[in-house]
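What follows is a short report on a single structure.
The values are calculated or read from the model by the stated rules, or taken from the named source; none is laboratory data. Computed from a predicted model, the values in this text were never measured in an experiment. Cβ coordinates were reconstructed from backbone atoms using ideal geometry, including for glycine residues, and neighbour counts include every protein chain displayed.
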Amino acid sequence: MPLKFARQLGIVRLGNMMGHKTTSKWIDLAVNPHFSWPNKQVELEFEKRKIVLQPSSAERSCAVSVFDENGLSFEEGGKILFRFLSRLSWSKNAGIEELFIVGSNMPKRPGLLGKGSYGQSGWSQIDPWNYLYLPIPKSEKAERALAVYREAMSVNSVPYAFLGFFKVLNILYPTGKPQIEWINSNIGEIKYDPEKKRLIDLQNAESNVGSYLYQQGRCAVAHAFSDDIVNPDSYLDKRRLESDLCLMKEIAALCIVKEFHVLSDSSYHKYIHNKIEDLPELLKKIETKDGIIIYKPFKLEMVMHS
């Protein structure tokens with residue numbers, strides 16, 4: 001986009017603002033979701049600010065934006081958007097790629113972000129969800145675990161996705177030994193295929209599954225000095241790690257649920273079944289008379305007055 005035209009639209013690109021405390025009313029992030037995105041613009045409140053999700057079109061990218069009348073820097077707005085995406089990604093159990101970020105200053109709407117040369121989501125867009133589970137982590141480490149998990153689900157590399165999922169355990173323990181012990185103490189809770197099938201295969205082949213995943217997975221990806229590595233040129237190394245990836249993802253998710261106390265989407269809906277109370281982590285779709293779709297935390301009065 002020509003800079004003169006971008007200025008007329010009130011759009012500021014991050015590359016032009018590095019090193020400057022410039023603020024914008026809107027911070028807009030183009031994204032490529034690995035799950036079905038709403039086919040209409042929707043709004044919700046997150047951390048006391050307005051969040052807007054925009055659908056893609058032939059010319060425009062899917063986007064998520066945050067608004068503050070007093071202005072936000074890229075660091076401030078980016079942090080809010082990334083935390084929101086980490087919670088959304090966890091809820092949908094799928095990654096979401098960050099494409100580019102800009103600032104805009106339209107008074108009533110976020111910036112409209114073109115697709116450029118970026119790829120597009122292979123998922124079809126759907127009518128906005130009737131309900132949306134958006135977890136509220138209870139600690140900074142829990143927030144960080146969701147961020148690391150989102151990054152691992154989003155990266156286009158099996159070795160680095162594996163390493164990313166293993167990093168969730170590193171938030172819990174700083175060294176390898178307790179990470180290995182945690183895996184071996186908890187893998188019995190894995191119940192479903194294909195993760196369970198891969199676990200059984202490893203248990204038949206390895207005396208210590210936790211040590212195998214740590215040494216032949218985490219360390220083999222992170223290091224390149226010795227021969228005991230995942231070689232990017234090795235077909236067999238890649239196939240083995242692809243087989244292990246689903247298991248490592250499930251282990252990381254299990255760690256988030258058990259140690260950081262963040263329920264998965266399915267577990268949360270089981271938890272709230274038959275509960276008669278306000279549910280701050282469950283957002284309900286509301287359509288205004290103007291046709292605007294807004295998500296608000298579920299309150300009993302919504303049912304009582306419907």
* What single numbered condition from (1) within 13 Å of ARG83 (Cα to Cα); (2) among the aliphatic types (A, V, I, L, M); (3) surrounded by 21 or more Cβ atoms within 10 Å (Cβ to Cβ) fails to hold for ALA142? -> (3)
* Asked: Is there a residue in region 214-231 that is assigned by TED's automatic domain parsing to the domain that holds ILE251, of a type outside the set (D, E, K, R), modelled with pLDDT of 95 or more and under 14 Å from ASP244 (Cα atoms)?
  -> yes
* Asked: Out of all the residues in region 49-71, which are surrounded by fewer than 22 Cβ atoms within 10 Å (Cβ to Cβ) and more than 18 Å from the chain's Cα centre (by Cα)?
  -> ARG49, LYS50, SER56, SER57, ALA58, GLU59, ARG60, ASP68, GLU69, ASN70, GLY71
* To do: Kindly provide the set of residues from region 255-306 that are outside any strand (DSSP E or B) and charged (D, E, K, R), ordered by number.
  => LYS258, GLU259, ASP265, LYS270, LYS275, GLU277, ASP278, LYS289, ASP290, LYS299, GLU301
* What about SER211, is it free of Cβ contacts under 8 Å to residues at least 60 places away in the same chain, surrounded by fewer than 19 Cβ atoms within 10 Å (Cβ to Cβ), outside any helix (DSSP H, G or I) and not charged (D, E, K, R)? -> no
* Structure fact -> Heads up, the strands (runs of 3 or more DSSP E) in region 38-104 (entirely inside) with at least 2 residues that are closer than 26 Å to ASP290 by Cα are 42-46, 49-54, 62-72
* To do: Test LYS238 against the criterion of being modelled with pLDDT under 95 and surrounded by fewer than 16 Cβ atoms within 10 Å (Cβ to Cβ), and give yes or no.
  => yes
* Asked: Out of region 166-175, which residues are of a type in the set (A, V, I, L, M, F, W, C) and farther than 14 Å from SER86 by Cβ?
  -> PHE166, LEU169, LEU172
